[in-house]
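Q: Below are the structure tokens for one structure; questions will follow.
The values are calculated or read from the model by the stated rules, or taken from the named source; none is laboratory data. From a predicted model like this one, the values you see are computed outputs, not experimental measurements. Quick reminder, even Gly has a Cβ in these numbers, built from the backbone with ideal geometry, and neighbours come from all protein chains shown.
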Amino acid sequence: MTSKDTYNLDHLSELEAESIYVIREVAAQFDRPAILFSGGKDSIVVTHLAAKAFAPAKIPMPLVHIDTGHNFPETLEFRDNLVDRLGANLIVGLVQKTIDQGKVREETGHNASRNKLQTTTLIDTIEENKFDACIGGARRDEEKTRAKERFFSHRDDFSQWDPKNQRPELWNLFNGKHAPDEHFRVFPLNNWTELDVWNYILKEGIALPSLYYSHQRECIRRDGQILAYSEYLNLKEDETPEMMQVRFRTLGDLTITGAFESDADTVEKIIDEVAATRITERGGRMDDKRSSSAMEDRKKAGYF
Amino acid sequence: MSTSTHHNGLLRFTTAGSVDDGKSTLIGRLLYDSKSIFQDQMEAVEQASKHKGLEDADLSLLTDGLRAEREQGITIDVAYRYFATPKRKFIIADTPGHIQYTRNMVTGASTADLAIILIDSRNGLVEQTHRHSFIASLLGLQHLVVCVNKMDLVDYDEQRYNELVSAFKSFSSRLDIKDITFIPISALKGDNVVDTSSNMAWYGGSTLLHHLENVHVGADRNLQDCRFPVQYVVRPQTDEHRDFRGYAGRIASGVFKKGDAVVALPSGRETNIESIKLGEDDLDLAFPPLSVVMTLEDDIDLSRGEMLVRKNNQPEMLNEIDAKIFWLDSRPLNTSSRLVVRHLSQEVRAKISEVLYRIDINTLHRDEDNREIDMNDIARVRIKTASPILADPYRTNRTTGAFILVDPSTHATVAAGVIG
């Protein structure tokens, strides 16, 4: 072993160092940055990294939650506890308000969801608060359009993403310059995989909403998917909720997030399960299944 | 593979080659054989391939994520791919081959430790082979793997392989890359990609994956010259931490230890490192690429854009930068434009005072007669800055020797530069 080997980092520490650098760069380059907080594990990890980046000071930017009104109650409870513990500032954008203002109309039918509507609420929240950078927890390994993302992703004054004409991003030199009314989406977890996120959660002992762990829940089966039963779900005639032992791999709205049957009730067991899984994380998301360019279209329009 | 221990850490590599060299197939093979392609992704690709009337699954559909790319069947922008083996975790920057997207290739290569150059055994060295190897060399990549692909189509002929290896070697003597490895492969059939080929008994070297798992890149980092650019000043201003003043940043190079005597630049003030923190933890030392917070024994004025170094080993303070630049903007270089240099955490106003020559990207020759610099051109220039930057030659320091140029009127990143 040469002396140089002493100075090697394991890959999780290297990813952590990169993400902390990106988050600090946002705080340094922008006047009104924010962290988009969904209550899912990726945004929880981003928040953990932000706390680490600025310790012992508090995170110098607010957490922004776009609340569809169809959230799991567990997610909201977790959010409020985390915000308390970090002494962070929370800003909530309500999709219900956007609907009440008549800016969007609720989808109807059995697969109705508020997933698409939240883009309008998000853009309104960004404009109202004049945010010039929004940090998100998206990762390049999630989906093929996201594999193209920069760390600093430019959005025009209509919040649109132009994937064919992205700014070149070299080394770790991030160019956050923008015209008034334009903003950036920033993705510190770009280079992480789902397994990296879980291994980091284990390593750092990060708390997560109970939904990620195996639990008993009333669910229905629809189109090969298991969906949590709730008052927001429009049942078809032949559908009856039944009690199942499930957990969630991602957390979105109650209406779109597929559960799957699992006994994994610890982080270690989840890591084993994720490592052995042959279906991608977003394979359980009804919102991605609408077409092969579903994500590209939503991202261009300003989605997370 | 459920644990987080990949013994050899992280390897970032880029793949380059011209359109039909089989780049996507190679990446598909690496992902597929390392079990990194998921069932639903594979099903989607098979379905799309069938829809296009193809017999076999077109693995390039896995990597081409944009609608325009799928429509045109080409890669426009860098896509990042991830896979891991028990030995190492890998990040692939899958970059476009077309000359008009060279800027995206440069983007992908700037953060890579290693580049894979693909050569079609039937066509031999082509323009892209030269261009991509040259860009890898300019960007300071220390490791090149030349994969002579489609060996199945030349009957796994040793002589043909040797011809291509010597052709590449006579070209690469002009490059600044020390570690060049040659591997004969067939990405389509899987020869020497993950498994040793039984068709090429004459080849005694490693398979590609074995090489990627074991190539030593740790020595590429600069651990000698201590450079800590201050990125952000942490001041909690709470009762508990009333007087806390921490300097946050990422170690660019060198090893910093608690208690070390350091000099703040450009002020020249001397002090010692009181503590090195990562979150709540105290560290005894820090090295690249760690992001840490340092506190100092003396209360000195230090802010973003400034740097902590050792007294006997300091960077240069440059008002005039000699550099090679990659022009990335669709509008040609105009020496009367006012620009901004972004270097480390610093931003200074600048101007390109002189274009010394353009470099022919295919022959590496200097072209002093043609100083018009268009998108995708490489040029040697002289830049004047409004205030000095703290820099090292790129050859010795890939972090403190790199910069980008931003046009303040359009906010676009118009060029990338390497100092020296």
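Q: Whether any residue in the range B:213-224 is of a type outside the set (Phe, Trp, Tyr), within 20 Å of residue A:53 (Cα to Cα), assigned to a loop (DSSP other than H, G, I, E, B) and within 14 Å of another protein chain (Cβ to nearest Cβ) is what I want to check.
A: Looking through the range B:213-224, none of the residues is of a type outside the set (Phe, Trp, Tyr), within 20 Å of residue A:53 (Cα to Cα), assigned to a loop (DSSP other than H, G, I, E, B) and within 14 Å of another protein chain (Cβ to nearest Cβ).
Q: Now a separate question. Are any residues in the range A:96-141 aliphatic (A, V, I, L, M) and under 27 Å from residue A:49 (Cβ atoms), and if so, which ones?
A: Matches in the range A:96-141: A:122, A:123, A:126, A:133, A:135, A:138.
Q: Looking only at the range A:165-206, count how many residues are polar (S, T, N, Q) and buried (at least 22 other Cβ atoms within 10 Å of the Cβ).
A: Number of matching residues: 5.
Q: Let me ask something else. Please identify the pairs in which a residue from the range A:81-92 that is farther than 17 Å from residue A:55 by Cβ has its Cβ atom under 9 Å from the Cβ atom of a residue that is among the hydroxyl-bearing types (Ser, Thr, Tyr) and in a helix (DSSP H, G or I), counting only partners at least 6 apart or on another chain.
A: Partner pairs satisfying both residue conditions: A:91/A:125; A:92/A:125.
Q: Output the residue which, of all residues in the range B:147-162 that are crowded, with 24+ Cβ neighbours inside 10 Å and free of Cβ contacts under 8 Å to residues at least 60 places away in the same chain, is farthest from residue B:399 (Cα to Cα).
A: The extreme case among them is B:151.
Q: Name the residues in the range B:231-285 that are part of a loop (DSSP other than H, G, I, E, B), in contact (Cβ under 8 Å) with a residue 60 or more places away in the chain and of a type in the set (A, V, I, L, M), would you?
A: If the condition is that a residue be part of a loop (DSSP other than H, G, I, E, B), in contact (Cβ under 8 Å) with a residue 60 or more places away in the chain and of a type in the set (A, V, I, L, M), then B:252 is the only one that fits.
Q: Now for a separate question. Among the residues of the range A:239-257 satisfying the criterion of being in contact with a Ser or Thr (Cβ under 8 Å, 6 or more places away or on another chain) and hydrophobic (A, V, I, L, M, F, W, C), which is surrounded by the most Cβ atoms within 10 Å (Cβ to Cβ)?
A: A:248
Q: Same structure again: Can you work out which of the residues in the range B:391-410 that are over 11 Å from residue B:342 (Cα atoms) and small (Gly, Ala, Ser) is farthest from the other protein chains (Cβ to nearest Cβ)?
A: B:391
Q: Here is a list of conditions, (1) out of contact with any strand residue (DSSP E or B) (no Cβ under 8 Å at 6 or more places or on another chain); (2) within 11 Å of chain B (Cβ to nearest Cβ), and residue A:181 meets all of them except one; can you say which number that is?
A: With (1) out of contact with any strand residue (DSSP E or B) (no Cβ under 8 Å at 6 or more places or on another chain); (2) within 11 Å of chain B (Cβ to nearest Cβ) applied to residue A:181, the lone miss is (2).
Q: Moving to a separate point now. If you check A:45, A:64, A:83, which single one turns out to be within 14 Å of chain B (Cβ to nearest Cβ) and over 18 Å from residue A:256 (Cα atoms)?
A: None of the others qualify; the one that does is A:45.
Q: If residue B:268 satisfies all but one of (1) on the phi > 0 side of the Ramachandran plot; (2) within 14 Å of chain A (Cβ to nearest Cβ), what's the number of the condition it fails?
A: Unmet for residue B:268, out of (1) on the phi > 0 side of the Ramachandran plot; (2) within 14 Å of chain A (Cβ to nearest Cβ): (2).
Q: Moving to a separate point now. Looking at (1) within 11 Å of chain B (Cβ to nearest Cβ); (2) at positive phi, can you tell me which one residue A:19 breaks?
A: (2)
Q: On to the next question. Can you tell me which residues in the range A:228-263 are at pLDDT below 80 and in a strand (DSSP E or B)?
A: Hit for the range A:228-263 is A:257, nothing else.
Q: Does the range A:207-238 hold any residues that are surrounded by fewer than 16 Cβ atoms within 10 Å (Cβ to Cβ) and within 14 Å of chain B (Cβ to nearest Cβ), and which are they?
A: A:223, A:224
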